[in-house]
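Each reported figure results from applying straightforward, stated rules to the coordinates on display, with no laboratory input. Remember, predicted model here, so these are calculated numbers, not experimental data. No Cβ is skipped: glycine too gets one built from the backbone with ideal geometry, and neighbour counts run over all protein chains shown.
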Amino acid sequence: MSTVTPVNDPLVGNVFGDRYRLVEKLARGGMATVYRALDTRLDRTVAVKVMHEGLGDDMDFARKFDREARAAARLSHPNIVAVFDQGEHRGRPFIVMEYVEGRTLRQIIATQAPLSPEKALSYIEPVVKALAAAHEVGLVHCDVKPENVIISDRGVVKVADFGLAKAVTGQTVTATQGLLIGTVSYIPPELVTSGRATSRSDVYSAGVVLFELLTGRKPHTGETPIQVAYAHVHSDVPAPSSLGRHKVAIPDYVDALVAACTRRSPSERPVDGHTMHLRVARARKALLRGLDDDPVLAERLGAGPEADALDPAPASPVSPVRPDARTVLIRTKTPTEPSSWRFVPRPENGNRRTQVGTPVSPVDIETTHDGVRYDTETLTAARSTSVRPLVRVSQTKVHRRRRGFVALILLLLVGLAGGGGTYYYFAEARWTTTPNLDSMTEQDARAALETAVLGVSITREYSETVTSGHVIRTDPIAGARILRDGSVAVVLSQGPERFDAPKLVGLVRAEAVTALTKVNLTVGTVTEANDETVPVGTVVSSSVEPGTKLKRATSVDFVVSKGPKPIDIASYEGKAADQATKELQAAGFVVTATQENSATVAAGLVTSQSPNSGQGKKGDTIALVVSKGPVMVAVPTVRGKSKADATTILQTAGFKVTAKSIVSSGIAFGLAYGTDPGAGTMVAQGSTISLLVG
């Protein structure tokens with residue numbers, strides 16, 4: 001995993017399993033993110049690895065993850081990062097591990113590689129010790145790489161992700177997808193071709209890591225993961241010494257060790273971490289002794305797994321010599337020298353090694369590590385010696401009678417054997433077992449069934465977990481009895497079932513429901529929202545883009561228009577027309593204004609508004625009538641007119657008239673002498689004019 005710069009992470013601060021509070025993001029990888037967390041129950045710092053969204057959706061994977069995490073939690077070894085707990089948080093599996101402060105082997109390779117052979121082996125030895133402990137309990141790592149090896153601040157080497165990698169590999173691993181380039185660089189060929197991993201697969205990956213420690217580069221590279229995976233299947237890992245990048249000469253036996261561990265055929269590698277550790281320890285011991293190239297040691301370290309069967313085991317008592325025994329090399333003390341070798345017989349079918357004294361590495365054929373030479377003459381003599389027993393046949397009556405009885409017994413046994421053979425053919429020999437075809441391609445599955453003399457019928461179905469074109473299951477299942485020449489029903493994956501999300505925007509609600517149902521999707525939450533442009537009842541937006549690949553029955557939410565948002569209409573009658581226009585337009589209305597004279601409303605004020613209450617919508621028109629003030633009329637001339645005529649003239653002009661006498665004494669003739677205001681003055685129509693009468 002690559003180090004992640006601290007940023008705002010939505011999971012930081014969350015409490016997982018009601019116990020583990022995520023404090024800080026530490027690293028992010030292809031399938032999970034690691035956080036430093038506080039175990040609130042025990043008040044200790046732990047590491048919490050949280051699977052990326054989507055990995056926990058499948059129930060089969062969730063069960064497999066739980067099973068593998070439990071298996072990993074049973075591992076207790078100083079070179080293995082301990083697993084404390086596991087669980088699920090809002091659909092995302094997580095695993096709680098020991099928090100190790102330090103740096104990864106990837107960082108050491110990046111800054112120090114190529115390393116000296118001794119230093120490289122000092123890093124790889126605890127790794128294979130950890131693998132040996134896991135293999136002993138039947139657990140395969142499946143993802144051995146420098147990123148999963150941590151060197152603590154105290155210098156302790158620890159391997160992480162036991163069980164986790166195996167669970168995720170079963171869910172996602174293929175040769176073309178689900179893998180990061182960093183992981184593909186260490187993938188064993190059999191995981192590419194068959195998808196199955198064993199302890200020998202971990203040996204291959206560890207061998208590649210050792211190669212990278214020695215050379216500072218990966219053995220196979222390419223522009224895409226599939227190119228790298230192809231190289232692992234079809235090309236051998238080169239000898240580290242052939243690259244010429246090392247600072248210290250690499251002995252031939254270290255080259256041989258890398259070659260043995262990285263052979264493309266699993267059957268030619270050491271069987272597990274224990275046998276690899278024996279070879280690593282032997283090579284490291286030779287390095288510490290300053291041993292340069294050693295063809296004998298190189299031959300033994302580069303040999304196939306059959307060489308591991310000769311490794312000496314802890315000392316045990318010497319078994320009695322029997323005539324049917326074969327000889328093995330045993331080291332013992334003799335009076336004449338500190339130590340020497342002799343041969344003692346061991347049964348051909350014996351499973352335990354028989355030794356006397358202190359065992360040493362069988363690779364030192366000529367000389368032991370303490371300088372004592374093997375007794376090769378004894379070895380040659382022991383191998384060439386044969387025993388031919390003397391055979392005598394008694395002819396006494398008793399012995400002849402016994403021989404006759406034995407012959408009868410033999411005849412009965414032959415008859416029983418013949419009947420048993422017939423029974424075996426009809427009851428057993430006609431049967432075979434169904435081979436394990438899980439995750440094989442169709443071509444490989446057909447080849448395996450052809451080898452087993454079995455027929456095949458193919459059906460296909462969708463799968464969320466098995467890559468398209470690979471076997472999901474068989475009927476009968478793997479290991480089940482089946483008649484020879486029988487047929488196995490094989491179900492192949494078509495990959496995940498996905499449907500294209502339809503375009504919903506612009507459809508009315510009923511049409512949107514039909515469109516989703518037609519492609520096996522379901523209607524999620526339907527909400528209504530105002531929209532200024534989309535007609536009422538028409539889909540405005542949906543939760544997924546058209547063409548998005550979705551699982552069957554996935555819910556799709558969408559929003560339906562309620563039309564424009566209603567706006568309250570305020571009345572502006574009697575208020576300034578400019579203010580009314582400005583505020584109504586800001587609310588979203590279109591304003592029109594006309595002007596009229598008004599004897600009661602001052603000029604510039606709104607005389608009337610339509611509509612002047614209720615609600616409207618954006619774009620509606622509001623009509624305003626704006627006052628121009630009263631009609632102005634010139635006061636007519638009425639001087640010399642009779643009072644009656646003058647009054648009529650003024651009233652006809654639109655004025656109100658009040659008579660005002662200007663004669664205080666004497667005779668009044670009833671004639672108009674003028675008006676107030678005077679003639680020609682512009683006065684508002686309807687105003688009161690004083691008629692001056694004398």
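Below is a table of values for the structure above.
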{"item": "Compactness of the stretch 605-694 as Cα Rg over 2.2 N^0.38 Å, two decimals", "result": "1.75"}
{"item": "Other-chain or far-sequence residues with amide H under 5 Å of Ser541's (modelled H)", "result": "Val559"}
{"item": "Difference of contour (0.36 nm per residue) and Cα-Cα distance, Val505 to Lys582", "result": "24.2 nm"}
{"item": "Förster-model FRET efficiency, 30 Å R0, Arg70 and Val23, C-beta, rounded to 0.05", "result": "0.70"}
{"item": "Long-range amide H partners of Asn597 with built H, under 5 Å", "result": "Lys628"}
{"item": "Other-chain or far-sequence residues with amide H under 5 Å of Val456's (modelled H)", "result": "Val488"}
{"item": "Residue-by-residue Karplus 3J(HN,Hα) for the stretch 442-457, coefficients 6.51, -1.76, 1.60, Hz, glycine and proline x", "result": "4, 4, 5, 5, 4, 5, 5, 6, 5, 4, 7, 6, 10, x, 8, 10"}
{"item": "DSSP bridge pairs, the stretch 467-572: antiparallel proportion in percent, nearest 5", "result": "60 percent"}
{"item": "Cut-off 13 Å between beta-carbons: net charge of the residues surrounding Leu26, Lys and Arg +1, Asp and Glu -1", "result": "+1"}
{"item": "Cross-link partners of Lys618 among lysines (Cα-Cα below 18 Å; sequence separation of 8 or more within a chain)", "result": "Lys562, Lys565, Lys582"}
{"item": "Computed label-point distance, nm, for sites Thr517 and Arg44 using a 7 Å Cα→Cβ extension", "result": "5.8 nm"}
